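Visitor: Shown below is the structure under consideration.
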Amino acid sequence: MMKKLQLILVFLFSISISCFSQLQSPDDFLPHKIGEQFTPHYMLVDYMQHVASNSPNAQLVQYGETNEKRPLILLYISTPENLAQLDAIRENNLKKTGMIEGDSDPALDKAIVWISCTVHGNEASGAESSMPTAYALADPNNTQTQAWLQNTIVILDPTINPDGYSRYTHWYRRFAHNIPNPDPRSSEHSEPWPGGRVNHYYFDLNRDWAWQTQVESQHRLKIYHQWMPHIHVDLHEQGYNSPYYFAPAARPYHQYITDWQADFQKEIGQNHAKYFDQNGWLYFTRQVFDLLYPSYGDTYPIFNGAIGMTYEQAGGGSAGRAIKLANGDTLRLIDRINHHHTTSLSTIEISSINSGRLIQNFEKFYSDNINNPQGEYKTYIIKGSNPTPKLKAFCELMDKNHIQYGKAQSNSAVNVYDYQTGEEKRMNIEANDLVISAYQPKAVLAQTLLDPNTFVEDSMTYDITAWSLPYAYGLEAYASTQRVNVNTGYEFSNYSGLNTVDPNTYAYLAKWEAMSNAKFLAGLLKNGVRVRYATQNFKLNNIDYAPGTLVITRADNRKMGARFHQIIKQTADQYEQEIDAVQSGLVQEGWDFGSGTMRLIDQPNIAVLTGTGTSSYSYGQIWYYFEQDIDFPFDAIPADALGRTDLSPYNILIMPEGFYRVGSSEASKISSWVSGGGRLIALGTSVRKLQDKEGFSLSRYASESAKNEAKRRSDQEQLDNRFHPFAGSQRRSISNYNPGSIVQLDLDETHPLAFGLYEPYFTLKTNSLIYEPLKGAWNVGRTGKDPIIKGFMGYKLKQEVKQSVTFAVENKGGGAVIYLIDNPLFRSFWENGKMLFSNALFFAGQ
């Protein structure tokens, strides 16, 4: 009987082996050898499906799809035994974080390594390397990798950005010659606008981890928080003449990065160096790529307890399949693939060797978060009196990041830092205030995103240095060093809506205080509803209404007949917009609905400059705002066709940032169009195209004496520079540098550009443009004599920014020019900036 059982087991084992005996290498599976050609995304997906179907070591899941409906996939790779209890291993790891209840089981402890490839679509070697990496790990005959997988789960994302990757690889496959031309001047090294780096909406997904504005980020972070890996690696490419970069990272490090997270990066780097030294490959560490900005693919995992790292291979969209280097060598696609493949396997190796230490320190990170959070501020109070739609939007982002919030267990008085004034004071926490305690699993992430100040240990940084969310959302908020106990959960009252439609309703009133209101307005205008907005305060039925209130009268919409009331109800229900139905246009205080203070909103007919020369980021932010934030149509006009484009069908023209040309003839054309009733909105650095142009009031200096004084200082500085040593020149150059900081503005709340916003307004300044207040214009947003500045700004620029203008409206004939010198749509996470842009779109300059 025993012999018979043994024969059955041998037979079953032979069947299982034969089932997985067809696993092919990428070279055998694809119609080309790895590195000979770029692999289309669908072939990449096919190969991962092949691996999952033909190896006992792999499982494939689709976790979402892109805007262009391409699949987002993950390949789980480990031993068959580990894969059989994959969900139990995942839950066991979450128990260590405190995100789910229960005691973890040491028998289920496995190192979890997540490798993300090609977040920038034209950095294609990451995606290409995912195939040989998957094969090496999934091959049951590879004894080395099989040993690593005994105590390790590998999560492989072949490409975070399928749409950008496809844009690049499809272009290259269509236009490059069969034989690669390594000459950098060849057209195959010059991809067309917008390039493959960005996603469908031209967003940089490597800056979107925390904000999660993009669908790829939203899908990925949902499953990321279900796993919480111990290691996260982000495979990138850089300029093609650069050696390979791997950890440890450059300074500055964010102050919340633990010693363990910093030190273990060094161990990983030493392991990589061993293999690069053996192969004679050039590499560097500790330069350029820092760990400060919280929304990268390395820093965001770090603030969630992982060892987060960026690996940078020479290449990028200009490298093609082969390119001649400055040293005379030729960089081939297969070289780039081999380098990423090597560091990927090296990461898994060192993680497996140190599995116990990884898990122990990961668990300690979360234990410290819950019991002894490291930051200065232990409690964040968001006043319940803030506009409800703003609070809802803020809570939605907290939910996406799994940051807990609620209400204080009891009313109490605490010492706080006031975000709005920058002063310390004592305040009472009230029953409806939203409170976030640092004593929670996501303490470090919460503190990083909410702290009013960012400690920047080294000003030579790679990205913006300030991002505090209470400023971004325009919320009255306070931070306290005291601990406040919180009951988790914060409920908003349900949308009430209009129960019935009264055909005798004279008008409907809607508040203007958050982006949800802008979406409601856009919905009305798309349905042909005529809408007014109040330019002054008024009172009706004992309710006070602020400037910006939407006033939708039956009289303005008589042509709609009975449909008018139904459209209002349907649109309000669609966007959950609370509206007041009133029976009279006669107000108690202020001006009546038929007065000139209730201005009729023109139906926007919008053109946006796009294409070659424009910043794909800036255009993408505008595109995303219209399609996703307010769902409103616009026409995209090639910037290089501006001179020959008939602007008469449009009443709004939007200029994104970029390097396109607006010469004297184009400027004259725009000026005439504005005088005839058009409204020009110039975003960020695009205002420079109007500077000192005839017909526009924008000038660097308001007077000739100010201009002469600036020239005198510049000349003196050049004379002084003659005696400076070469060492330190880079640091001296940043005295006028602003990588991205938060600046306090004084706001003219009476101007339509400021409706729904309140003083002080905090702008995210991402450029170094400084203008004195404009003559003959409304200087709506301007800095005072000593503005609050958060993050790093060069000391010279800090002086120049004082009493300068940031947002201005120049009325011109029947139209207006709206100068938004700081781009309020930057990365689409500055919620208050999007509100300001909505004012520019619908109200300002009419």
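The values are calculated or read from the model by the stated rules, or taken from the named source; none is laboratory data. The shown structure was predicted, so the numbers you read here are calculated from the model rather than taken from an experiment. Cβ coordinates were reconstructed from backbone atoms using ideal geometry, including for glycine residues, and neighbour counts include every protein chain displayed. Surface areas here come from the heavy atoms of the whole protein model, side chains and all, with no ligands, DNA or RNA. Shrake-Rupley method; radii C 1.70, N 1.55, O 1.52, S 1.80 Å.
Visitor: Take residue 264 and tell me if it is of a type in the set (A, V, I, L, M, F, W, C), touching a strand residue (DSSP E or B) at 6+ places or on another chain (Cβ under 6 Å) and within 18 Å of residue 125 (Cβ to Cβ).
Guide: Values: of a type in the set (A, V, I, L, M, F, W, C): yes; touching a strand residue (DSSP E or B) at 6+ places or on another chain (Cβ under 6 Å): yes; within 18 Å of residue 125 (Cβ to Cβ): no.
So residue 264 fails the test.
Visitor: At negative phi, under 29 Å from the mean Cα position of the chain (by Cα), charged (D, E, K, R) and open to solvent by 10 Å² or more (accessible area, probe 1.4 Å), is that true of residue 335? Steps first, please.
Guide: Numbers: at negative phi: yes; under 29 Å from the mean Cα position of the chain (by Cα): no; charged (D, E, K, R): yes; open to solvent by 10 Å² or more (accessible area, probe 1.4 Å): yes.
No.
Visitor: For the range 664-769, which fully contained helices (runs of 4 or more DSSP H) count at least 1 residues that are at pLDDT below 65?
Guide: In the range 664-769, 704-721, 729-733 are the helices (runs of 4 or more DSSP H) which contain 1 or more residues that are at pLDDT below 65.
Visitor: Being touching a residue at least 60 places away in the same chain (Cβ under 8 Å), under 29 Å from residue 90 (Cα atoms), open to solvent by 40 Å² or more (accessible area, probe 1.4 Å) and outside any loop (DSSP other than H, G, I, E, B), is that true of even one residue in the range 233-243?
Guide: At the first step, the residues of the range 233-243 found to be touching a residue at least 60 places away in the same chain (Cβ under 8 Å) are 233-243.
Next, only the ones that are under 29 Å from residue 90 (Cα atoms) stay: 233-236.
Among the residues that remain, those that are also open to solvent by 40 Å² or more (accessible area, probe 1.4 Å) are: none.
Scanning the range 233-243 turns up no residue that is touching a residue at least 60 places away in the same chain (Cβ under 8 Å), under 29 Å from residue 90 (Cα atoms), open to solvent by 40 Å² or more (accessible area, probe 1.4 Å) and outside any loop (DSSP other than H, G, I, E, B).
Visitor: Only one of 645, 685 is on the phi < 0 side of the Ramachandran plot and free of Cβ contacts under 8 Å to residues at least 40 places away in the same chain. Can you tell me which? Even if it seems obvious, please write down each step before you answer.
Guide: Values: 685 fails: free of Cβ contacts under 8 Å to residues at least 40 places away in the same chain.
Exactly one residue qualifies, and that residue is 645.
Visitor: While we're here: Scan the range 214-226 for residues that are surrounded by fewer than 21 Cβ atoms within 10 Å (Cβ to Cβ) and either touching a Lys or Arg at 6+ places or on another chain (Cβ under 6 Å) or closer than 30 Å to residue 623 by Cβ (or both) and jot them down.
Guide: Scanning the range 214-226 gives 215, 218, 219, 221, 222, 223, 225.
Visitor: Also: Just a yes or no: is a residue in the range 626-633 open to solvent by less than 30 Å² (accessible area, probe 1.4 Å), of a type outside the set (S, T, N, Q), free of Cβ contacts under 8 Å to residues at least 24 places away in the same chain and part of a helix (DSSP H, G or I)? Steps first, please.
Guide: Our first condition is that a residue be open to solvent by less than 30 Å² (accessible area, probe 1.4 Å); within the range 626-633, this holds for 626, 629-630, 632.
If we keep only those that are of a type outside the set (S, T, N, Q) too, we end up with 626, 629-630, 632.
In the following step, the residues that additionally are free of Cβ contacts under 8 Å to residues at least 24 places away in the same chain were identified as 626.
Okay, now just the ones that are also part of a helix (DSSP H, G or I), so 626.
Yes, that holds for at least one residue.
Visitor: Another question about this same structure. Take residue 777 and tell me if it is touching a Ser or Thr at 6+ places or on another chain (Cβ under 7 Å), modelled with pLDDT of 95 or more and buried (at least 18 other Cβ atoms within 10 Å of the Cβ). Before you say what the answer is, go through the steps one by one.
Guide: Working: touching a Ser or Thr at 6+ places or on another chain (Cβ under 7 Å): yes; modelled with pLDDT of 95 or more: yes; buried (at least 18 other Cβ atoms within 10 Å of the Cβ): yes.
Judged against the criteria, residue 777 is a match.
Visitor: For the range 340-364, enumerate the residues that are among the polar types (S, T, N, Q) and without any contact (Cβ under 8 Å) to a residue 24 or more places away in the chain.
Guide: Here is the first cut: in the range 340-364, the residues among the polar types (S, T, N, Q) are 342-344, 346-347, 351-352, 354-355, 360-361.
Listed by number, the list holds a single entry, 360.
Visitor: Still on this structure: Considering only residues that are among the charged types (D, E, K, R) and touching a residue at least 40 places away in the same chain (Cβ under 8 Å), which ones fall in the range 756-798? Spell out the reasoning first.
Guide: So in the range 756-798, the residues among the charged types (D, E, K, R) come out as 759, 765, 772, 775, 782, 785-786, 790, 796, 798.
Answer for the range 756-798, where residues must be among the charged types (D, E, K, R) and touching a residue at least 40 places away in the same chain (Cβ under 8 Å): 765, 772, 775, 790, 796.
Visitor: Can you pull out the residues in the range 518-532 that are part of a loop (DSSP other than H, G, I, E, B) and either touching a Pro at 6+ places or on another chain (Cβ under 7 Å) or open to solvent by 10 Å² or more (accessible area, probe 1.4 Å) (or both)?
Guide: Of all residues in the range 518-532, those part of a loop (DSSP other than H, G, I, E, B) come to 527-531.
Matches in the range 518-532: 527, 528, 530.
Visitor: Among the strands (runs of 3 or more DSSP E) lying completely within the range 420-517, list those that include at least 3 residues that are touching a residue at least 24 places away in the same chain (Cβ under 8 Å) and out of contact with any Lys or Arg (no Cβ under 6 Å at 6 or more places or on another chain). Give the derivation first.
Guide: Working: elements: 424-429, 434-437, 477-480, 486-488, 507-510.
So the answer is 434-437, 477-480, 507-510.
Visitor: Quick one: in the range 502-512, of everything that is under 41 Å from the mean Cα position of the chain (by Cα) and of a type outside the set (Phe, Trp, Tyr), which residue is most open to solvent (accessible area, probe 1.4 Å)?
Guide: From the range 502-512, those under 41 Å from the mean Cα position of the chain (by Cα) are 507-512; that's our starting set.
Imposing the further condition that a residue be of a type outside the set (Phe, Trp, Tyr) reduces the set to 507, 509-511.
Values: 507: 0, 509: 2, 510: 1, 511: 114 Å².
The selected residue is 511.
Visitor: Evaluate the range 57-67: report whether one residue or more is over 27 Å from residue 218 (Cβ atoms), without any contact (Cβ under 8 Å) to a residue 12 or more places away in the chain and not in a helix (DSSP H, G or I). Give the derivation first.
Guide: We begin by selecting, within the range 57-67, every residue over 27 Å from residue 218 (Cβ atoms); these are 57.
Next cut, without any contact (Cβ under 8 Å) to a residue 12 or more places away in the chain only: none.
No, the range 57-67 has no match at all.
Visitor: Within 18 Å of residue 843 (Cα to Cα) and not in a helix (DSSP H, G or I), is that true of residue 650?
Guide: Details: within 18 Å of residue 843 (Cα to Cα): yes; not in a helix (DSSP H, G or I): yes.
Considered against the rule, which asks whether it is within 18 Å of residue 843 (Cα to Cα) and not in a helix (DSSP H, G or I), residue 650 comes out as yes.
Here is a yes/no grid of residues against (1) touching a Ser or Thr at 6+ places or on another chain (Cβ under 9 Å); (2) under 30 Å from residue 46 (Cβ atoms):
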{"position": "74", "(1), (2)": "no, yes"}
{"position": "88", "(1), (2)": "no, no"}
{"position": "98", "(1), (2)": "yes, no"}
{"position": "108", "(1), (2)": "no, no"}
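Visitor: Something else now. Quickly run through the range 359-400 and pick out the residues that are buried (at least 16 other Cβ atoms within 10 Å of the Cβ), among the small types (Gly, Ala, Ser) and within 30 Å of residue 112 (Cβ to Cβ).
Guide: Within the range 359-400, just 375 meets the criteria.
Visitor: Between residues in the range 575-600 that are within 25 Å of residue 492 (Cβ to Cβ) and residues that are part of a loop (DSSP other than H, G, I, E, B) and of a type in the set (Asp, Glu), which pairs lie under 7 Å by C-beta distance while being six or more apart or on different chains?
Guide: Close Cβ pairs satisfying both conditions: 581/502.
Visitor: When you scan the range 794-821, how many residues do you find that are buried (at least 24 other Cβ atoms within 10 Å of the Cβ) and not in a strand (DSSP E or B)?
Guide: Summing the residues that are buried (at least 24 other Cβ atoms within 10 Å of the Cβ) and not in a strand (DSSP E or B) in the range 794-821 gives 1.
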